[in-house]
Amino acid sequence: MTEPEQNKPAHHPDYPEPLLEFMRTGWRERELPGIAALDQVPCHSRRREQISKAFGGETLIIPTGREKVRNNDCFYPFRPGSDFMWLTGEHDPDAVLIMRPNGNGHDAVLYARPRSPKETDEFFRSAQYGELWIGRRHSLAERSTLLGIETADLADLEKAIADLDAPKVRVLRGFDPLVDRTVEAPEKPEVEEGEDPKLDRDSELAAVLSELRLVKDEWEIAQLVDAVDATVRGFEDVARVLPADRGVSERLLEGVFGMRSRTDGNALGYSSIVAAGSHATTLHWVRNDGRTRPGELLLMDMGVENPQLYTADVTRTLPVSGRFTDLQREVYQIVYASQQAGIEAVRPGVGFKEINRVCMSVLAEGLEALGVLPCSAEEAVDPEKQLHRRWTLHGFGHMLGLDVHDCARARKENYAHGTVDEGYVLTVEPGLYFQPEDELVPEELRGIGIRIEDDVLVTSSGAEVLSAGLPRKADDVEEWLGMQREQGHRLPG
Ligand SMILES: [Mn+2]
């Protein structure tokens, strides 16, 4: 369990034998009070039943992944694999869920790292696993109680996999090198000429997991509401430190939102985009090394990931001075109208593509009105042409959940070419972007980028905007910004 001596970083002091002997003795066991099943246990077991039904008679291996090295013996903060998290609720690295068929369904066993054993020196010598270094872990029994699942020692994983009936095993690949190595990769399915490529057995497991995650249960919706509410507070924090009359660095604003994400949530759901002025025309502007300027716009795309790892994904475009200019407002209204039409189109049974069509046609009409399209809006949105996309750049939105781009491995027919259903949560986020170097638009438009993004729950009758705590109409945005500025700075607590 303890890392080999040659991997020890140069700054670690040696252990003389008397110290080793001394460190091995005199430690009292500390019981954790209040270990009881978590509220979400029934949700996790219901989800395991769903995946069990989908793959009856087959063994499923779903790892969470390992810590990733940042440099030498320093790691990036660990984040569990989302499918694994959805099925177990376990947060620690290295764990692996194995579901073995039992004739009637599946027996689920969580292979996890136990507490630092006292038979080795891991406890005080391993900077990666030693509880003296990283804090007390739950014992396997405690984990079992908390998560409502049988647990086993991670040390037995390799043997457990070797004992499986290999042809009937499916693995969620790309997370755990030991699992990927131990279970032979599936053969690529043969495809007749002209046929679409087929998924191999393991990719099918990934696809089904993504597709099952499309519908959020009540507990998940509560987590998303929690993430969105924290995100609303984060945007308020930022608005309160954004001066109207002078510039500040994009990173100051990024940092203020980050502070909220770490106090109210687990982390950021994705790297914050804080894009002042023409930076807003770069879709994934995450360098954030610019400065705001009075008179310009500020586009911020930011989301808090809550403690249960569900994330919000919200974008607002603010006038730094407090009021949109006439031209900024004109473009903003087009984006707003597109988003409003998109939100109104969301209801159970509507095609994902249809929501996109609605958003894009409003944007194209706006581009026609601005006089920048080389043809009519109707002609531009022709599936064979799509000329408006020079300025709209991306689709209307995506699923949201544990991942910011949730359910990413779902098959096309169940996502981009499918319909949305009750319990889906998705973003609606049209935008217009005029690159500073675009010679085909009037000079005054160059460098303007506007996106409005909200998080929407599909209900039985339509859609509920979860992020309605942040106004999105131009006038309301101005009023809100003014109100936040009056309140003055605040620290999350
Ligand atoms: Mn988004």
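The values are calculated or read from the model by the stated rules, or taken from the named source; none is laboratory data. Remember, predicted model here, so these are calculated numbers, not experimental data. Positions of Cβ are generated from backbone atoms using ideal geometry, with glycine treated the same way; all protein chains shown enter the neighbour counts.
Scanning the stretch 471-489 turns up at least one residue that is within 16 Å of the ligand (Cβ to nearest atom) and either under 30 Å from Ala267 (Cα atoms) or among the hydroxyl-bearing types (Ser, Thr, Tyr) (or both). Counting the residues of the stretch 79-94 that are within 16 Å of the chain's Cα centre (by Cα) and more than 13 Å from Arg213 (Cα to Cα) gives 5. Restricting the stretch 325-360 to residues that are under 24 Å from Glu413 (Cβ atoms) and touching a helix residue (DSSP H, G or I) at 6+ places or on another chain (Cβ under 7 Å) leaves a set whose member that is surrounded by the fewest Cβ atoms within 10 Å (Cβ to Cβ) is Glu354.
Output the residues belonging to the stretch 252-278 that are surrounded by fewer than 19 Cβ atoms within 10 Å (Cβ to Cβ) and either more than 21 Å from the chain's Cα centre (by Cα) or not in a helix (DSSP H, G or I) (or both). Correct list: Leu252, Ala267, Tyr270, Ser271. When the stretch 264-301 is examined, which residues are found to be in contact with a helix residue (DSSP H, G or I) (Cβ under 6 Å, 6 or more places away or on another chain) and polar (S, T, N, Q)? Scanning the stretch 264-301 gives Ser272, Asn288.
Residues of the stretch 20-65 that are acidic (Asp, Glu) and surrounded by fewer than 14 Cβ atoms within 10 Å (Cβ to Cβ): Glu21, Glu29, Glu31, Asp39, Glu49. Could you check the stretch 314-350 and list, in sequence order, the residues that are more than 23 Å from Thr459 (Cβ to Cβ) and either without any contact (Cβ under 8 Å) to a residue 24 or more places away in the chain or hydrophobic (A, V, I, L, M, F, W, C) (or both)? Residues satisfying the conditions are Leu318, Val320, Phe324, Asp326, Leu327, Val331, Ile334, Val335.
Selection of helices (runs of 4 or more DSSP H) fully inside the stretch 177-247 by the criterion of at least 2 residues being under 30 Å from Leu298 (Cβ atoms) returns 218-241. For the stretch 443-469, the tally of residues that are basic (Lys, Arg) and either closer than 14 Å to Val232 by Cα or part of a strand (DSSP E or B) (or both) stands at 1.
Within the stretch 382-409, the set of residues being closer than 30 Å to Ala207 by Cβ, buried (at least 18 other Cβ atoms within 10 Å of the Cβ) and not hydroxyl-bearing (Ser, Thr, Tyr) comprises Phe396, Gly397, His398, Met399, Leu400, Gly401, Leu402, Asp403, Val404, Asp406, Cys407, Arg409. Determine whether Pro80 is touching a residue at least 12 places away in the same chain (Cβ under 8 Å) and over 19 Å from Leu38 (Cβ atoms). No: the conditions fail for Pro80. Report yes if Ala227 is within 16 Å of the ligand (Cβ to nearest atom), touching a Ser or Thr at 6+ places or on another chain (Cβ under 8 Å), closer than 21 Å to Gly431 by Cα and small (Gly, Ala, Ser), otherwise no. No; evaluated as a whole, the condition is false for this residue. Among the residues of the stretch 128-145, which ones are crowded, with 18+ Cβ neighbours inside 10 Å and not basic (Lys, Arg)? Hits for the stretch 128-145 are Tyr129, Gly130, His138, Leu140, Ser144. Among the criteria (1) surrounded by 19 or more Cβ atoms within 10 Å (Cβ to Cβ); (2) outside the structural domain of Glu413 (by TED's automatic domain parsing); (3) over 27 Å from Leu38 (Cα atoms), the one Glu204 does not fulfil is (1). Candidates Thr317, Thr292: the one that is under 23 Å from the mean Cα position of the chain (by Cα), in the same structural domain as Pro436 (by TED's automatic domain parsing), under 23 Å from Leu445 (Cβ atoms) and surrounded by 18 or more Cβ atoms within 10 Å (Cβ to Cβ) is Thr317. Quick one: which of Leu445, Leu440, Leu432, Leu466 is assigned by TED's automatic domain parsing to the domain that holds Asn414, more than 15 Å from the ligand (Cβ to nearest atom) and touching a helix residue (DSSP H, G or I) at 6+ places or on another chain (Cβ under 6 Å)? So the residue among Leu445, Leu440, Leu432, Leu466 that is assigned by TED's automatic domain parsing to the domain that holds Asn414, more than 15 Å from the ligand (Cβ to nearest atom) and touching a helix residue (DSSP H, G or I) at 6+ places or on another chain (Cβ under 6 Å) is Leu432. His138 meets all of the listed conditions (1) modelled with pLDDT of 95 or more; (2) touching a Pro at 6+ places or on another chain (Cβ under 6 Å) but one, namely (2). Being in a loop (DSSP other than H, G, I, E, B) and not β-branched (Val, Ile, Thr): is that true of Arg115 here? Judged against the criteria, Arg115 is a match.
If you go through the stretch 366-424 and keep only what is more than 16 Å from the ligand (Cβ to nearest atom), hydrophobic (A, V, I, L, M, F, W, C) and without any contact (Cβ under 8 Å) to a residue 60 or more places away in the chain, you end up with Ala369, Leu373, Cys375, Ala377, Ala380, Val381, Leu387, Trp391.
For the condition touching a Lys or Arg at 6+ places or on another chain (Cβ under 8 Å), farther than 19 Å from Asp301 by Cβ and modelled with pLDDT of 95 or more, Val381 qualifies. The combined condition, being surrounded by 19 or more Cβ atoms within 10 Å (Cβ to Cβ), assigned by TED's automatic domain parsing to the domain that holds Gly89 and within 30 Å of Phe55 (Cα to Cα), is not fulfilled by Arg125.
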